[in-house]
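Enquirer: Please read through the structure below; I'll follow up with questions.
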Amino acid sequence: MPGDIWAMSSTTSAAASVSVLLFGRYAEALRSERFDLALAPGDTVADVVVRLRQLPGGDVLPLRPLCARNQAHCGPETALAPGDELALLPPLAGG
Amino acid sequence: MNVAHLVTTPVDATRLVARVSAPERGGIATFIGLVRNHHAGRAVLRLEYSAYGPMAEAEMARIVEEAERKWTARVAVEHRLGALDVGEVAVAVAAAAPHRDEAFAACRYVIEELKRRVPVWKKEHYADGSVGWVDPTAPGGSVPAAGGTGA
């Protein structure tokens, strides 16, 4: 159920999680700039996006958003490792 | 030394030019991006810039390194964050090279890659009281944001 998707099991350490950072309209829609999410073996960026889209406001996220793993652009197929920082980036608008 | 920064104080292009000047560099090209008073036919009163700070500075530094390597140039770039009024400088690039061709090319490369790769966002406050996130992929170039007082 959606309410459980962020639950960390009693055996899950902080090191087995990924920090998901949200910005701009994504943070506004999901009402948070950060989620700490337990990782399952083999989880990819796309898996995390699917889980976030289940949250209230999560439909603002496209299935394939711009994203960055540990501050470097990456694709949705990128595998995540415990301790990673995953940033979901709204369309860029600098300059 | 690499000069690629996000700043919360006014951008001073003259300072960037001074940082890249050297006797062996005979040409300096600059780009200065200002807050415009309109976007997609709507009157804009002010902007708010935000960023994924650590990545934005790292990506800007990578872009500068690429330009410096490709054109034997020296480049400095600053991007402003926070609330800016119409006419204020949002971004400035200074590129110095032995000759003008390399200076122009390096300057153009840096601003184009910055817009394509650096995680910075802007929220526009319109004259009608509404607020929008600038989104180059959206019809009309923006999507509604929280915090508006109008349509």
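Just so you know, all these numbers are worked out from the coordinates, no wet-lab data involved. Predicted, not measured: the structure shown is a model, and the values here were computed from it. Glycine gets a Cβ as well: all are built from the backbone with ideal geometry, and neighbour counts include every protein chain shown.
Enquirer: Would you mention how many residues in the range B:97-151 are in contact with a strand residue (DSSP E or B) (Cβ under 8 Å, 6 or more places away or on another chain), part of a helix (DSSP H, G or I) and within 14 Å of chain A (Cβ to nearest Cβ)?
Expert: Summing the residues that are in contact with a strand residue (DSSP E or B) (Cβ under 8 Å, 6 or more places away or on another chain), part of a helix (DSSP H, G or I) and within 14 Å of chain A (Cβ to nearest Cβ) in the range B:97-151 gives 7.
Enquirer: Moving to a separate point now. Suppose we keep only residues that are touching a Pro at 6+ places or on another chain (Cβ under 8 Å) and assigned to a helix (DSSP H, G or I) within the range B:33-68. Which one would you say is nearest to B:G148 (Cα to Cα)? Steps first, answer last, please.
Expert: Keep residues of the range B:33-68 that are touching a Pro at 6+ places or on another chain (Cβ under 8 Å), which gives B:51-52, B:55-56, B:59.
From what's left, assigned to a helix (DSSP H, G or I): B:55-56, B:59.
On the way: B:M55: 29, B:A56: 27, B:E59: 31 Å.
The extreme case among them is B:A56.
Enquirer: State the number of residues belonging to the range A:25-45 that are of a type in the set (G, A, S), in contact (Cβ under 8 Å) with a residue 12 or more places away in the chain and surrounded by 15 or more Cβ atoms within 10 Å (Cβ to Cβ).
Expert: At the first step, the residues of the range A:25-45 found to be of a type in the set (G, A, S) are A:27, A:29, A:32, A:38, A:40, A:42.
The next check asks that each one be in contact (Cβ under 8 Å) with a residue 12 or more places away in the chain; those that pass are A:29, A:38, A:42.
From what is left, the residues that are surrounded by 15 or more Cβ atoms within 10 Å (Cβ to Cβ) are A:29, A:38.
Summing the residues that are of a type in the set (G, A, S), in contact (Cβ under 8 Å) with a residue 12 or more places away in the chain and surrounded by 15 or more Cβ atoms within 10 Å (Cβ to Cβ) in the range A:25-45 gives 2.
Enquirer: Taking the range B:80-96 only, how many residues are in a strand (DSSP E or B), farther than 29 Å from B:P23 by Cβ and either touching a strand residue (DSSP E or B) at 6+ places or on another chain (Cβ under 6 Å) or free of Cβ contacts under 8 Å to residues at least 12 places away in the same chain (or both)? It would help to see each step written out before you state the result.
Expert: Just the residues of the range B:80-96 that are in a strand (DSSP E or B), to begin with: B:80, B:82-85, B:89-96.
Now narrow it down to the ones that are farther than 29 Å from B:P23 by Cβ: B:80, B:82-85, B:90.
Pick out the ones that are also either touching a strand residue (DSSP E or B) at 6+ places or on another chain (Cβ under 6 Å) or free of Cβ contacts under 8 Å to residues at least 12 places away in the same chain (or both) and you get B:80, B:83-85, B:90.
Number satisfying all stated conditions: 5.
Enquirer: At least 2 residues that are within 14 Å of another protein chain (Cβ to nearest Cβ), buried (at least 16 other Cβ atoms within 10 Å of the Cβ) and in contact with a Cys (Cβ under 8 Å, 6 or more places away or on another chain) in each: list the strands (runs of 3 or more DSSP E) lying fully within the range A:46-95 that qualify.
Expert: On the way: elements: A:66-69, A:72-74, A:85-89.
Ranges flagged: A:66-69, A:85-89.
Enquirer: Next question. Give the range B:107-142 a look and list any residue that's touching a residue at least 40 places away in the same chain (Cβ under 8 Å) and at positive phi, or say none.
Expert: B:G140, B:G141
For every residue, the table says whether it meets (1) hydroxyl-bearing (S, T, Y); (2) under 14 Å from B:V93 (Cα atoms); (3) in contact (Cβ under 8 Å) with a residue 40 or more places away in the chain.
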position: B:A4; (1), (2), (3): no, yes, yes
position: B:T14; (1), (2), (3): yes, yes, no
position: B:A18; (1), (2), (3): no, yes, no
position: B:G27; (1), (2), (3): no, yes, yes
position: B:F31; (1), (2), (3): no, yes, yes
position: B:H38; (1), (2), (3): no, no, no
position: B:G41; (1), (2), (3): no, no, no
position: B:E59; (1), (2), (3): no, no, yes
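Enquirer: Could I ask something else about it? Going by the conditions given, is B:I63 in contact (Cβ under 8 Å) with a residue 60 or more places away in the chain and buried (at least 18 other Cβ atoms within 10 Å of the Cβ)? Explain how you work it out, then say what you get.
Expert: Numbers: in contact (Cβ under 8 Å) with a residue 60 or more places away in the chain: no; buried (at least 18 other Cβ atoms within 10 Å of the Cβ): yes.
Criteria not met by B:I63.
Enquirer: Continuing with the same structure: Looking at the range B:21-41, which of its residues are over 22 Å from B:F104 (Cβ atoms) and either within 14 Å of another protein chain (Cβ to nearest Cβ) or surrounded by 16 or more Cβ atoms within 10 Å (Cβ to Cβ) (or both)?
Expert: Start the filter on the range B:21-41 by keeping residues that are over 22 Å from B:F104 (Cβ atoms), which leaves B:35-41.
Selection gives B:V35, B:R36, B:H39, B:A40.
Enquirer: Quick check on B:T30: is it assigned to a strand (DSSP E or B) and under 16 Å from the mean Cα position of the chain (by Cα)? Walk me through how you get there before you give the answer.
Expert: Working: assigned to a strand (DSSP E or B): yes; under 16 Å from the mean Cα position of the chain (by Cα): yes.
Yes.
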